[in-house]
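Step one of this worksheet: look at the structure below.
The values are calculated or read from the model by the stated rules, or taken from the named source; none is laboratory data. Here the structure is a predicted model, which means the values were calculated and not measured. Methodologically, a virtual Cβ is constructed for each residue, glycine included, from the backbone with ideal geometry; neighbour enumeration extends over all protein chains shown.
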Amino acid sequence: MAADIHFAMGGAIFGDFTADAVRLIAKYGLPGAEPYRGGLSAWLDQPQALRDLLDEHNVQLITASNGGAGQSTEFIDPAKRAETISDHVAFCRDFLQIFACSHFKINMGRRPENGTTAADIKAIAETVTELGKRTLDMGVRIAPHPHIWGPIERPEEVRALLDSTDPEIVSWIPDTAQLNLGGGDPVQLIGDYYDRLAAVHWKDSKASYRGHSGPTPTLDMHREQILYKDLGAGGVDHPAIWDLLVGRGYKGWVTLDLDPPRPNEGEGSVDDKIAINCRYLKERLKVPNL
């Protein structure tokens, strides 16, 4: 039932994750937050203080994305594997466990210059599997996150990674716009690998990207004009994804993973963007509660 689906605000829109960010999330009645480790520098050594702040505003930290200073995110290079796993295990143990997180969302580093090979995917699968075994010992599922300009970008790469890993160890967190811009069908991929979901990220793209099969837009294109749009822009069929999740009995989190607004592109303030996307959920999708 839709009442079992809850919405969180991603941390990218804020940059540094501050008390003001928590208050803004609470203002819109969003029960969850998903910051980036890179924006948590003020809290990494005092996670309990952040938990106290979140508890005060009835907001739950559902997970925190990996990355940032002092953490290796080299998932392909076998020589870096031990360091990458050690760094992620430490963050899971010392931070995520304080918040009783059930999953750990991970980006997988930069895309190889000449594209991702089958050997690269095999290496990533081995790294996330080994890491996933370690985090499962702490009750936390590892959840790779396909992302354009990352090593797992194209739909065939998503399928190859998931098909070559054990579903008992490795889950995933799809992002609707990332799948779309990477040339995949978000509805199809989420449906095909529904049983592997740890959570879902939502954002949109321009309507011209509906049904996009490639090539992936470049980072320079994103710098020139933001690729990530507010819900309702039309690139992604979010009503169909919502129906899929409700119909399959999804019980979990959907994170609104929005980039910071670009005033020169008429996107308004952070407050404005959160309002626009919450309004879409309530008015277009008729979400009963966030």
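Applying the set (1) surrounded by 20 or more Cβ atoms within 10 Å (Cβ to Cβ); (2) in contact (Cβ under 8 Å) with a residue 40 or more places away in the chain; (3) over 17 Å from residue 185 (Cα atoms) to residue 148 leaves exactly one unmet item: (3). Scanning segment 29-59 for residues that are touching a residue at least 40 places away in the same chain (Cβ under 8 Å), closer than 20 Å to residue 277 by Cβ and within 18 Å of the chain's Cα centre (by Cα) gives 30, 31, 32, 34. Looking across segment 151-186 at every residue that is over 24 Å from residue 226 (Cα atoms) and in contact with a strand residue (DSSP E or B) (Cβ under 8 Å, 6 or more places away or on another chain), the one that is surrounded by the fewest Cβ atoms within 10 Å (Cβ to Cβ) is identified as 169. For segment 57-82, taking the residues that are exposed (fewer than 14 other Cβ atoms within 10 Å of the Cβ) and out of contact with any helix residue (DSSP H, G or I) (no Cβ under 8 Å at 6 or more places or on another chain), the one that is nearest to residue 175 (Cα to Cα) is identified as 82.
Taking segment 97-109 as the range and being surrounded by fewer than 24 Cβ atoms within 10 Å (Cβ to Cβ) and within 15 Å of residue 171 (Cβ to Cβ) as the test, the residues that pass are 101, 102, 103, 107. Of everything in segment 187-214, what is surrounded by 22 or more Cβ atoms within 10 Å (Cβ to Cβ) and not β-branched (Val, Ile, Thr)? Give them in sequence order. Listed by number, the residues that qualify are 198, 199, 201, 202, 203, 204, 205.
So which pairs qualify, if the first residue must be in segment 74-101 and in a helix (DSSP H, G or I), the second must be of a type in the set (Gly, Ala, Ser), the Cβ gap must be under 6 Å, and the two must be at least 6 apart or on different chains? The qualifying pairs are 80/72; 83/72; 84/72; 87/72. Filtering segment 125-170 to residues that are in contact with a Pro (Cβ under 9 Å, 6 or more places away or on another chain), part of a loop (DSSP other than H, G, I, E, B) and either modelled with pLDDT under 95 or over 28 Å from residue 232 (Cβ atoms) (or both) leaves 151, 165. Within segment 172-194, not a single residue is within 30 Å of residue 97 (Cα to Cα), acidic (Asp, Glu) and in a loop (DSSP other than H, G, I, E, B). Pairs meeting the criteria (first residue in segment 60-73 and farther than 24 Å from residue 32 by Cα, second residue of a type in the set (Lys, Arg) and at pLDDT 95 or above, beta carbons under 7 Å, at least 6 apart or on different chains) are 71/37; 72/80.
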